[in-house]
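Accompanying notes for the structure given below.
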Ligand code: MG
Ligand code: MG
């Protein structure tokens, strides 16, 4: 079932989203060599709890950590561990927070130390694909218009989008209808309405689109071992566009930073 949210519900989601954005801000100084992915998880969890929210992914389908930390060829669902980040790595951190029963969900890919040009380009294309897709996020458009724009943009740069993982509706559950794929034809299926809340999240593989799940039963990796990137925002659909919920305003950033 696809729901539209009331003004009050959107306020709760905005707070959840703000907390997710604060967690992303909090980990930025730790994006350096020698820091373990466990440490990043710890900082995120602390930030979320400090703001009277709970980590959305902890316990979700049995996931044990607060956030997902996916390094290099790991696309999504990487489990925080004792792995120490090293120069040249890229890490996608996917953070979810639940405030007053409502969720926010946002992923970002960070570069550690000196990252090669090719990998920086993968990050840039994936980042830009998010906003290329979001340009179609407005009432009256189809969800698939977002999907199509992302897929075309990514593939025009020679990269791939895996077909088995998608963005999603979000609200009182992290994953709600509709699914928001990162590929496919435009102008089909669900029509976006004012007040719908969705997580748009291009997941991009530098090489071939096939993925496999590691024996830890969580980590989704590029089958060909190539690098991957992931950017995600939770947004609310407005009449003439979208509003990002997983963000904080500049003044607050200064206050916190
Ligand atoms: Mg996410
Ligand atoms: Mg998501």
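Here are the numbers for this structure:
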read-out: In range of the label at residue 191: residues from the stretch 112-140 whose backbone nitrogen is under 14 Å from the point 7 Å along Cα→Cβ; value: 138-140
read-out: Contour minus Cα-Cα distance for residue 1 and residue 223 (0.36 nm per residue); value: 76.6 nm
read-out: Ellipsoid equivalent to the stretch 106-229 - semi-axes via the Cα gyration tensor, in Å; value: 25, 17, 14
read-out: Alpha-carbon centroid distance for the pair the stretch 225-251 / the stretch 95-161, whole angstrom; value: 8 Å
read-out: The chain - Rg over Rh from alpha carbon coordinates, Kirkwood radius; value: 0.94
read-out: Calculated SAXS-style log₁₀ I(q)/I(0) at q = 0.11, 0.13, 0.16, 0.21 Å⁻¹ - the stretch 32-185, Debye, Cα scatterers; value: -0.48, -0.67, -1.00, -1.37
read-out: Hull shadow area, averaged, the stretch 1-102 [alpha-carbon convex hull, nm²]; value: 7.2 nm²
read-out: Where labels lie 7 Å past Cα in the beta-carbon direction, separation of residue 38 and residue 61 in nm; value: 2.5 nm
read-out: Over 14 Å [Cα-Cα, the stretch 156-200], rounded percent; value: 56 percent
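All of the numbers you see were taken from the coordinates with simple rules; none came from a lab. In this text, all values refer to a predicted model and were calculated from it rather than measured experimentally. Cβ sites come from the backbone with ideal geometry, for glycine too, and all protein chains shown count toward neighbours.
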